[in-house]
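Below is one structure, written out as structure tokens; the observations come after it.
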Amino acid sequence: MNTMTCSAAVALTNINLEIGDAEATADRAFFERLLAPAFSMGRPDGVRFDDRATFLDSLAAGPPRYTRIESTTVFDNRAVVVCAVSKAGAAGPLRFRNIRVFTRKSSDSGWQLVSWVNEPLTALGTGDGLSVVDADRAQLRGGA
């Protein structure tokens with residue numbers, strides 16, 4: 001990884017950790033700076049999709065988010081970050097996989113979040129805590 005790609009990955013890691021904090025505190029100013037004008041978000045139910053205005057208007061303070069970066073792939077001025085996010089829910093912990101696509105005008109400009117797809121890591125209503133990837137890995141290792 002070259003120095004520019006490494007510094008971009010560090011910046012994107014920091015941004016993605018800050019996203020969880022900004023969500024928990026409903027930091028509208030943070031998201032107004034971060035979200036691209038044509039931002040879109042796929043919600044965990046797979047049915048709802050929010051544009052920039054809808055996302056900003058739906059911000060509400062909530063429980064802290066804990067973010068684990070799974071991968072960061074940088075393509076010059078485009079990037080994809082995959083992370084697992086967990087938070088407390090009424091019926092126990094909730095875990096989600098977030099796939100976030102970023103863009104910037106140049107290596108001297110800031111990153112903007114273009115698209116964010118969010119899916120549950122725990123099957124809705126089951127509480128088993130296994131993602132499809134976890135289940136596939138267990139099966140490959142000879143587990144259930």
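Would you check which residues across the range 1-50 are hydroxyl-bearing (Ser, Thr, Tyr) and within 14 Å of residue 98 (Cβ to Cβ) and list them?
Correct list: 13, 40.
Within the range 11-29, how many residues turn out to be open to solvent by less than 70 Å² (accessible area, probe 1.4 Å) and either basic (Lys, Arg) or more than 20 Å from residue 86 (Cα to Cα) (or both)?
Selection size over the range 11-29: 2.
Are there any pairs, at least 6 apart or on different chains, whose C-beta atoms fall under 7 Å, with the first in the range 50-75 and of a type outside the set (S, T, N, Q) and the second in a loop (DSSP other than H, G, I, E, B), and if so, which?
From residues that are of a type outside the set (S, T, N, Q), the pairs are 50/43; 59/26; 60/26; 61/25; 61/26.
Identify the single condition in (1) open to solvent by 50 Å² or more (accessible area, probe 1.4 Å); (2) out of contact with any Cys (no Cβ under 8 Å at 6 or more places or on another chain); (3) touching a residue at least 12 places away in the same chain (Cβ under 8 Å); (4) in a strand (DSSP E or B) that residue 39 does not satisfy, given that it satisfies every other one.
Only one criterion is unmet by residue 39, namely (1).
Within the range 102-110, does at least one residue satisfy the condition of being within 14 Å of residue 16 (Cβ to Cβ), within 15 Å of the chain's Cα centre (by Cα) and of a type in the set (A, V, I, L, M, F, W, C)?
yes
Looking at (1) modelled with pLDDT of 95 or more; (2) part of a loop (DSSP other than H, G, I, E, B), can you tell me which one residue 116 breaks?
Against the list (1) modelled with pLDDT of 95 or more; (2) part of a loop (DSSP other than H, G, I, E, B), residue 116 comes up short only on (2).
For residues that are assigned to a loop (DSSP other than H, G, I, E, B), under 23 Å from residue 112 (Cβ atoms) and among the acidic types (Asp, Glu), tally how many sit in the range 44-94.
1
Condition check: among the aliphatic types (A, V, I, L, M) and modelled with pLDDT under 90. Does residue 82 satisfy that?
Spelling it out, it is not the case that residue 82 is among the aliphatic types (A, V, I, L, M) and modelled with pLDDT under 90.
Go through the range 75-100 and count every residue that is under 9 Å from the mean Cα position of the chain (by Cα) and aliphatic (A, V, I, L, M).
5
Report the residue count in the range 57-79 for those that are of a type in the set (A, V, I, L, M, F, W, C), out of contact with any Lys or Arg (no Cβ under 6 Å at 6 or more places or on another chain) and either surrounded by 12 or more Cβ atoms within 10 Å (Cβ to Cβ) or within 23 Å of residue 13 (Cβ to Cβ) (or both).
So the answer is 4.
The values are calculated or read from the model by the stated rules, or taken from the named source; none is laboratory data. Note that the coordinates shown come from a computational prediction; the quantities given were computed from them, not determined experimentally. We place every Cβ from the backbone using ideal geometry, glycine too, and count neighbours over all the protein chains shown. Just the protein is used for accessible areas: all its heavy atoms, side chains included, with ligands, DNA and RNA removed. Shrake-Rupley method; radii C 1.70, N 1.55, O 1.52, S 1.80 Å.
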